[in-house]
Amino acid sequence: SDEGSGGGSGGGKDAYTVGVANFLLSGPYFSGMDAAIAAQAKTKGNVKIVSTDAGGDAAKLAANVEDLLSKNVDAIIISGGPLESAPAALNAIKAAKKPAILVDRKFAVGEYTSWIGPDNEAIGKQDGEFLTKRLTGGGKVGIIKGGPADNSIGLARTNGFKSVLSSNSKFTLVEAPDFGNWGSDGGLTVMEGLLAKHPDLVAVFCENDAMCLGAQRAIADAGKTGQIVLAGVDGQAEALKAILDGTNYVVTGLNSPNVIGKLALDRTVEVLGGAQVEKDTVVPSPQITKDNAAQYLNS
Amino acid sequence: MSLLLRGVRKAFNGVEVLHGVDLEARGGDVLAIVGANGAGKSTLIKILSGALPMSSGEILIDGQPADLRSPHDAHDRGIRTVYQELSLVPELSVTENLLMGNFPRRYGLIDWPAAHRKARELLERVGFGMIDPRARAGRLSVARQQMVEIAKALVSEPKVLILDEPSAVLAGSDLDALFALVRELQRRGVLVVYVSHRLVEVLDLATAIVVMKDGKVITTTEPARTSEAELIRLMAGRQLERIYPPRRPVPGEVRLRVDGLTRAGEFTGVSFELRAGEIVGLFGLVGSGRSELAACVFGAARPAEGSGAFRSPQDAIRHGVAMVTEDRAGSGLVLGMTVRDNIGLTTWRSTARGPLIDVRRQRRDTAGMIERLAIQPYGCASMPVVQLSGGNQQKAVLAKWLLVDPKVLILDEPTRGVDMATRVDIYRMVDTLARAGLAVLLISSDLTEVLGATDRVLVMNQGRLAGELRSEGTTEDQVLEKAIT
Amino acid sequence: MTTLAVKVRGRDVTVEIAFTLLIVALVTVAATTSESFLTQTNLTNLLKQMVTTGLLAFGMLVVILTGGIDLSVGSVVAFAGIVTAGLVADLPIPVAMVVGIASGIAFGALNGVLVARFELAPFVVTLAALTTIRGLAFVYSEVPISPTDPGFLWLGSAMAGPIPLITIIMLAVFGVGGVFLARTPAGRSIIAIGGNAETVRLAGINVRRHIVLAYTISGFCAGLAGVILTSRVGIAQPSVGIAFELDAIAACVIGGASLAGGRGSAKGAFGGVLVLVLINNLLNLYGVQSFWQQVLKGLIIIAVILVQRTRRPRSVKGRA
Amino acid sequence: MTTLAVKVRGRDVTVEIAFTLLIVALVTVAATTSESFLTQTNLTNLLKQMVTTGLLAFGMLVVILTGGIDLSVGSVVAFAGIVTAGLVADLPIPVAMVVGIASGIAFGALNGVLVARFELAPFVVTLAALTTIRGLAFVYSEVPISPTDPGFLWLGSAMAGPIPLITIIMLAVFGVGGVFLARTPAGRSIIAIGGNAETVRLAGINVRRHIVLAYTISGFCAGLAGVILTSRVGIAQPSVGIAFELDAIAACVIGGASLAGGRGSAKGAFGGVLVLVLINNLLNLYGVQSFWQQVLKGLIIIAVILVQRTRRPRSVKGRA
Ligand SMILES: Nc1ncnc2c1ncn2[C@@H]1O[C@H](COP(=O)(O)OP(=O)(O)OP(=O)(O)O)[C@@H](O)[C@H]1O
Ligand SMILES: Nc1ncnc2c1ncn2[C@@H]1O[C@H](COP(=O)(O)OP(=O)(O)OP(=O)(O)O)[C@@H](O)[C@H]1O
Ligand SMILES: [Mg+2]
Ligand SMILES: [Mg+2]
């Protein structure tokens, strides 16, 4: 490890090592988060990043945190992804008297120093409200979930979306029975299945943009581009482009790993500097439509 | 102890191969079963051992009907069997193969030192003391493995010992040890059921001889009342004038020259020539290095010092050399494939039409070979080769190699498990091929065969060529002397 | 259950018949209980959805026949896809696709060399390849790549009449591959190697070269599947293809292939693919909830292999 | 590389020596190049990190020895974990844990019966089990369960001196299991079955019962691993344990087990676990970037099996 690292938190040093414990890097959102944290660290000049990937294994995450602690990092940022909680990892960090900063995923149980992330239910609501306004005639709306069933981030988004539409009698909601696994290929297959049973959809909500991009392909293949509009979550570049181009991809809610990652690193450095910080910070998730997509695409 | 079989029938996939077999024997008998390849000997034995269920019929032990549903049932009644195909667990030690299921224990755990001791005692008691009980079974030569199989059957002092072609892979003193063992068991009142194609030993050992043909018992006789020639006639259904065709070789050009071939620990400084038109025997005791030498010449084993060995089997075949190995299950056949595919293995590429296998030609060639070598049963071309009887499997191996039209043919124990009539056919065929210019190296542990079927004999002794003898006029003792001293 | 042994020209076709009946039964149940099943859309979906598993299953079959296994196919799908999508910016589309497929071939050949030349266990070699190639896909691009050229989507969406072009490609692979296995010296040799490699070696056939060939074919199929998948979805993700190998292997085994090698057929593997795709499709059409889908899928697979299992002849000889 | 054949009391220990040297080399490199490696914290980490893979690897080894495979272990880990966590609300913690382990035993026995009694291919049976049991874990609880009782964390965090309790449990499994395989008739029979099941049957040993036993042991190990994991992590998620089977199998094979059955040892499998855990730990300590970690991990595994592979004797006779 670096010279100058070591010692507990607080007491402003001139150089820090920050560990990043990713639960699962193999998704554009999570790898974007990891990259954003590293990029922000570079701008600081005195922060070194050590990043780990648990490959979707909770015990490995705990192990990685332990490895980081044994390298004597000054703080640990946990990008928990679909993981609901990691009490053991949090306990280990606490026992080592280091700050634990959570990004994106707020753990249900366990003690942490600070959390920075989106309000997933709000993003879903936002999409629902947009569609209500746009589809004045109502109709049948499909929902594509990422899965697995214990993923509460996706659940929050869908619940938010449903809470808006189910109170409106003009809409009927159909949930695809299988999961899209958060990828474009999964979104495509699930959409194909959905279309076979419900050819009369007017809109589709996906728990993230990657699945929506796949669903958009399936809709195009079925020749229903004019009939079905799509609403996603995340603000993935390809989705922004599709929205900007005026396709049937009409809305998404920004859940930018860049913004969150940057804030998280800043927050970590603040904590290490001894500052008192806000415990939970919700990063706003602006609605992105054709009108404002250009602004986010280039940022 | 008495054993009585009544009307035993057996069908595989609707095809009946045993058509009502009756047998009777009692403790102290050595009951020999003889018959052509595919006559149903092994099938009968498997039924008697509980390894195969019969379709109908009855087995009575001491007058009581015995329901042998599994090998376990047979064991319980004191019936132990050595099957035709070797079936040791190659990864495990000799001890473990011997004592499987009967380990000496201490505090519930296997007591390994005691187990090894027990295994050694057992091996010594049955006359196979030369085998190291700690050795891995797969590392032993085929002959030694066979001895372990026999010893294994004797672990629990059986009342009935069934031996399916036990002598096929044995020679010399090993063979003597086996005979001594059979006589000793007989003396102790054990019923020994003995299957063999070696009629001389059958006449020597048996108290009763059962001749099977096409799934039926056609005669039951005694050694004193019959002869080798009569048995052959009964089995084959035809008279055989002579076993070995008369040879008048006119050796032509040199087809294979091996010079100073050496592989550490296996053979040293071996040099010989094979000429077109001659059949050369290679005799030696088990473990004298013959098979390793042949494998090396053929390019199947890693190269050695000296010259004359091929780089790879491809290389050898390209130069017109073919080799029938001694272990048909391990390296001669693909057991799960059909007979046709097995026979076609060597010629798929050379006879292909464009990128495709010439299926019509394959069918024709296979059918020709099946007829020429009388491979049984009828319609076997599309049967998995594993369903053939042992001797017929051996013929399939031979067929595969004859199809490449070789200039040099190396035969390692080619008549192992082959019945007398077919042997005669094979000798005649090899003779005919040799007359047409083929050079043959015949490796055999059968002294009569090695002298009868060849023109000259090379004798190997502990990895060295100990001498060369003309076959004609040489006695078995003269060959043995060179092989042993 | 009694087994009726049926023979046609000396071959035992009992299993094939049972298997065909099973597929017919699945289809009949589907057609009579779900009105969506026989719709044009659903049938087209079925045809498309069998492409990836189908391609991977054929390649896997060839490897399984040698007695090996290829766990790396899912990662190769990802790598070939992302490389193709990445190259489209600089190269003509067909060239980019060829490079993608070539990468699959290269990985396959590498697997083959490690297995054949260095005699390493196929499971571990291809497991290591799974990890390494997945890593390389991410190294190539951490983020998804979506080529803007609309021509990129052509391959994945073109139709030849009512049948998707990619389905025809897959069927062609099975057709050519079936002939390869049944009628060419190389194909038969591959099967024989799985039965007894030593016998094949002594028959003068270069065993190593054929093993390398088998893995190369699997790599080719995975590369092709990756390119097709990317063109179909329009976006290449480095994370695609996780656990794809399991379905491919399941298809082969459901279709009667033995993981010990030496037994299996293109027809069978294709049937296995059909069964898997039909099960998925049915569960979706019935709207079975995702985790019950998982429960049922497993149970149905067990039922399927129970029905179609061969009555393997028990024999003392049988080592095969 | 020349291989020195070393024999001790007639046994070939070449591989064991090469393997031990390899592990020693890995440790030496680690200790000299990373100052964090030999710290108390890191060593404790190492001890904890090997528990799950270790437990699964031992169960997997027993199954592999029979010539089978158990792909369902990851799902059993999830099921046992979530059931235990769910029951803690109503039952005393030790009872809940026993029920979790018992569920693993039950699933293992079921796998075994399907493989042994119905003669189905282990790969497909346990693949179907993987899917079904995962589904059942979600049916039991769609959402993660985090028991509030702090006693629940005890098992996962207790230390016996410098050594975590769970490590001791895993070592005990290897110890008892090693004796079982080496010194009991049942253990030897399991190994012999993998070598030649027909021979074992002809020796009058009940082959089916031993196969069921093997899968049951694997189920037990997976159940135990699930319970321990939940207690260690403090939360049970039904989605945990995906792809765990791959590491377990890799550990066995790296440790010299043959997937064809009949060859392998507890010592070897333990060595394999050590190698895998050391590789992960080292890559983390060096701060290798995640995707490069994957690339390197695969390459290192290849290197490891290249180094420790046995020079299998080639012989015309070679039936082994
Ligand atoms: N598993 C099987 N399936 C089908 N047919 C079989 C099977 N086993 C043996 N047969 C057939 O049964 C007949 C008798 O075979 P068996 O092995 O008993 O002959 P054998 O007298 O022992 O011959 P050999 O002297 O060659 O050993 C043969 O026609 C053989 O093909
Ligand atoms: N796979 C093997 N591993 C180790 N040693 C072997 C192996 N095969 C053969 N040997 C040994 O090599 C020596 C030569 O065996 P080889 O088979 O060449 O002898 P042979 O004269 O042909 O005898 P056989 O009658 O057994 O075929 C023997 O001592 C044998 O035990
Ligand atoms: Mg026989
Ligand atoms: Mg020999």
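The values are calculated or read from the model by the stated rules, or taken from the named source; none is laboratory data. Worth saying up front: this structure is predicted, and the values here are computed from it rather than measured. We place every Cβ from the backbone using ideal geometry, glycine too, and count neighbours over all the protein chains shown. Each accessible area value is taken on the protein alone, full model and side chains, heavy atoms only, with ligands, DNA and RNA left out. Shrake-Rupley method; radii C 1.70, N 1.55, O 1.52, S 1.80 Å.
Here are the numbers:
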| item | result |
| --- | --- |
| Among beta bridges that DSSP assigns inside segment B:254-484, antiparallel share in %, nearest 5 | 45 |
| For the protein assembly as shown: accessible area per residue (Å², 1.4 Å) | 36 |
| Residue among A:203, C:301, D:91 farthest towards the positive dipole end of the protein assembly as shown, charges placed on Cβ | C:301 |
| Distant-in-sequence amide H partners of residue B:11 (H built 1.01 Å from N, under 5 Å) | B:17, B:55 |
| With Cα atoms, 0 to 90° folded angle of helix A:28-44 axis to chain A main axis | 40 |
| DSSP H segments from chain D that extend 15 Å or more along their own axis, Cα-based, with Kyte-Doolittle mean of 0.5 or above | D:14-33, D:40-65, D:73-87, D:93-116, D:122-140, D:165-183, D:207-233, D:244-254, D:266-285, D:290-308 |
| Label geometry 7 Å along the beta-carbon vector: residue C:94 inter-copy distances in nm | 7.4 |
| Fraction of the pair-distance distribution of segment C:184-234 above 18 Å, Cα-Cα pairs, percent | 43 |
| FRET E, pair residue D:31, residue C:243, Förster distance 25 Å, beta-carbon r, rounded to 0.05 | 0.10 |
| Carbon plus sulfur fraction of accessible area for segment D:91-149, probe 1.4 Å, in percent | 76 |
| For segment A:206-268 versus segment C:263-308, the gap between their alpha-carbon centres in whole angstrom | 33 |
| Spatial separation of Cα centroids for segment A:89-140 and segment C:146-215, in angstrom | 47 |
| Equivalent-ellipsoid semi-axes of the protein assembly as shown, from the Cα gyration tensor, Å, largest first | 64, 34, 30 |
| Selection from B:245, B:314, D:266 lying farthest towards where the dipole of the protein assembly as shown points positive, charges on Cβ | B:245 |
| Chain-alone versus full-assembly comparison, segment C:241-285, residues with accessible loss of at least 30 Å² (1.4 Å probe) | C:246, C:253, C:259, C:284, C:285 |
| Environment charge of residue A:151, counting only residues whose C-beta is closer than 15 Å and scoring Lys/Arg +1, Asp/Glu -1 | -4 |
| Average projected area [Cα convex hull, chain C], square nanometres | 18.3 |
| For segment B:261-398, size of Cβ-based charge dipole, Lys and Arg +1, Asp and Glu -1, in debye | 580 |
| Residue-by-residue Karplus 3J(HN,Hα) for segment B:327-342, coefficients 6.51, -1.76, 1.60, Hz, glycine and proline x | 9, 5, 6, x, 9, x, 9, 9, 4, x, 8, 6, 4, 5, 5, 5 |
| Segment C:156-214, accessible surface, carbon-and-sulfur percent (1.4 angstrom probe) | 70 |
| DSSP-assigned coil residues among trypsin sites (Lys or Arg not before Pro) in segment B:216-261, each with at most 11 further Cβ atoms within 10 Å | B:238, B:242 |
| Dipole magnitude of segment B:1-79 about its Cα centre (Cβ charges: Lys, Arg +1; Asp, Glu -1), debye to nearest 20 | 220 |
| Theoretical gain in end-to-end length, residue B:72 to residue B:351 [0.36 nm per residue, Cα-Cα removed] | 95.5 nm |
| Accessible surface buried upon A-D contact (total; probe 1.4 Å; Å², nearest 100) | 2500 |
| Segment A:165-269: trypsin sites (Lys or Arg not before Pro) falling in loop per DSSP and having at most 14 other Cβ within 10 Å | A:170 |
| 20 Å-binned pair-distance histogram of chain B (Cα, whole percent) | 23, 56, 21, 0 |
| Per-copy distances of the residue C:21 label point, shortest first, in nm (7 angstrom along Cα→Cβ) | 6.1 |
| Computed Rg/Rh of segment B:2-236, alpha carbon atoms with Kirkwood Rh | 0.97 |
| Of D:203, D:269, D:106, the one that fluctuates the most in a GNM where chain D has Cα springs shorter than 10 Å | D:203 |
| Whole-angstrom gap from segment B:383-402 to segment B:295-347, using each part's C-alpha centre | 16 |
| Residue A:251 long-range amide H proximity, modeled H, under 5 Å | A:230, A:232 |
| Exercise: per-residue mean of other protein chain Cβ atoms within 10 Å, D:139-146 | 5 |
| Interface residues in segment A:58-72 - accessible area drops by 20 Å² or more relative to the isolated chain, probe 1.4 Å | A:58, A:59, A:60, A:63, A:66, A:67, A:70, A:71 |
| Per-selection Rg to Rh, segment B:254-484 - Cα, Kirkwood hydrodynamic radius | 0.97 |
| Interface size D-C, as summed buried accessible area [1.4 Å probe, Å², nearest 100] | 4300 |
| Note, ³J(HN,Hα) from phi for segment A:77-93, Karplus 6.51, -1.76, 1.60, rounded to Hz, x at Gly and Pro | 9, 10, 9, x, x, x, 6, 6, 6, 9, x, 5, 5, 5, 4, 4, 5 |
| Amide H contacts under 5 Å for residue C:159, placed H, 5+ residues apart | C:165 |
| Distance in nm between pseudo-label sites at residue B:219 and residue B:200 (7 Å out along the Cβ direction from Cα) | 2.1 |
| Cβ-defined net charge surrounding residue A:181, 13 Å radius [Lys, Arg +1; Asp, Glu -1] | -2 |
| Protein accessible area in segment B:2-236, 1.4 Å probe - carbon and sulfur % | 46 |
| Isolated Cys in the protein assembly as shown, by beta carbon distance under 4.7 Å | B:296, B:380, C:221, C:252, D:221, D:252 |
| Mean separation of Cα contacts under 8 Å, 6 or more apart, over the residue count of segment B:2-236: relative contact order % | 28 |
| For segment B:299-315, Karplus couplings with θ = phi - 60° (6.51, -1.76, 1.60), whole Hz, Gly/Pro x | x, 7, 10, 4, x, 10, 6, x, 10, x, 7, 7, 6, 7, x, 4, 4 |
| Label-to-label distance, nm, for residues given as residue D:184 and residue A:287 (7 Å Cα→Cβ offset) | 6.6 |
| Total accessible surface hidden between C and B, rounded to 100 Å², 1.4 Å probe | 2800 |
